[in-house]
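What follows is a short report on a single structure.
Every number here is computed from the coordinates shown, using simple stated rules; none is lab data. This is a predicted model, so every value here is computed, not measured. Note that each Cβ is placed from the backbone with ideal geometry, even for glycine, and that neighbours are counted across all protein chains shown.
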Amino acid sequence: MAITLDGTSGITASGSLTTSSNLTTGTGAIYNGLQTSTAVASTSGTNIDFTNIPSWVKRITIMFNGVTNATSITVRLGYGATPTYVATGYNGAYAQVSNGSPTQSSVSSTGFGINASTVVSGIMTISLLDSNVWVSSHTLSPNNTAVYLGSGSLSLGNTLTAVRIAGGGTFSAGTINISYE
């Protein structure tokens with residue numbers, strides 16, 4: 001089947017389309033739609049894992065709502081059916097900005113770091129740049145006077161299948177979810 005988009009006459013298709021799933025799944029799929037996982041309470045434990053991420057995913061958004069960890073939060077990417085989470089090779093930095101000035105900043109090579117030892121809400125976006133190279137950007141806020149910013153990259157070397165939100169301590173409040181497309 002051929003699909004043509006020329007900007008003036010819309011989309012035209014020639015050939016046969018047997019089922020709508022041809023447009024949303026399988027090899028050569030163009031767009032699979034926004035998918036949302038099931039929200040997870042971040043009220044205990046040191047890791048929150050989202051697994052079975054499909055191989056066609058190009059962007060993951062991690063949503064944090066009132067998440068509390070005693071020390072810090074690091075996001076790690078994983079691959080494989082039983083995920084192996086990569087804990088080295090990240091190139092990134094993160095900072096806390098209060099009253100217009102950075103008050104704390106750090107470099108992170110063990111994951112996409114979030115400078116959070118308090119309640120945080122916001123988003124982190126992780127996007128496929130090319131050939132298993134993933135880039136990250138995040139903006140979160142602990143309150144009305146500060147914002148946590150960060151970015152980074154990782155050459156994963158394998159197809160991404162999982163994301164781990166790792167706490168430096170135990171999670172004690174909030175909810176985390178992901179969406180992907």
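Structure notes:
- Around Leu129: net Lys/Arg minus Asp/Glu count, Cβ-Cβ under 13 Å: +1
- The Cβ shell under 14 Å around Ile114 holds other residues with a net charge of +2, Lys and Arg each +1, Asp and Glu each -1.
- Modelled FRET efficiency - R0 35 Å, Ser141 with Ala81, Cβ distances, 0.05 increments: 0.45
- Per-residue packing, averaged as other Cβ atoms within 10 Å, sorts the ranges 161-168, 146-153 into the order 161-168, 146-153, beginning with the highest.
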